[in-house]
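The numbers here are math on the coordinates, done by the rules we state, and not lab data. Remember, it's a predicted structure, so these values are computed and weren't measured experimentally. Cβ coordinates were reconstructed from backbone atoms using ideal geometry, including for glycine residues, and neighbour counts include every protein chain displayed.
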Amino acid sequence: MPTFRRFFPAAALGLALVLSGCGGHPTVRRAISVVPATASAGASYEPKTITVSKDDNVILAVGNPTTAAHGFTIEGYGISTEIPPGGSEVKIRATHPGTFKIYCQLHETHQVATLVVQ
């Protein structure tokens, strides 16, 4: 009987620790990159659409293979930053569903991408 009394609190604590991790919001990693301009079009983002679920913690690996900084704005999420040559990460919590425009606030000729939060 004494072994049971020592085991039960330890098992309950272990179960509580396991269950505490079950209610978290997943972290989703996506990559998006500035695609240098071609003769026929301005620079753009690739992929054109990034889809995540509501309440995801999103880490966008924003690549920038060019030698100039590029803007990175997500309308509706208050994100407006510059991506240095080589790239950077942008982290957001997808708190509200909808379709949001991603664009370069520094270069108007860039083609836009879209963030879809379902």
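Work out how much length residue 79 to residue 66 would gain on full extension: take 0.36 nm times their residue separation and subtract the Cα-Cα distance, in nm to one decimal. Could the numbers behind the result be given before it?
Details: separation 13, 0.36 × 13 = 4.68 nm, distance 2.12 nm.
Going from the current span to full extension adds 2.6 nm.
In debye to the nearest 20, how big a dipole does the stretch 24-117 give about its Cα centre with +1 on each Lys and Arg Cβ and -1 on each Asp and Glu Cβ? It would help to have the intermediate numbers written out before the result.
Details: 7 positive and 7 negative charges, 42 e Å.
Value, rounded to 20: 200 debye.
Pick out, from 114, 80, 69, the residue whose Cα sits farthest towards the positive end of the charge dipole of the stretch 24-117, with +1 on the Cβ of Lys and Arg and -1 on the Cβ of Asp and Glu.
Value: 114.
How large is Rg over Rh for the stretch 58-97, taking Rg from the Cα atoms and Rh as the Kirkwood inverse mean of 1/r across Cα pairs?
Details: Rg = 10.9 Å, Rh = 10.8 Å.
Reported Rg/Rh (Cα atoms, Kirkwood Rh): 1.01.
With the cut-off at 1.5 for a/c, could you classify the stretch 24-117 from its C-alpha gyration tensor as rounded, prolate or oblate?
Verdict is prolate for the stretch 24-117.
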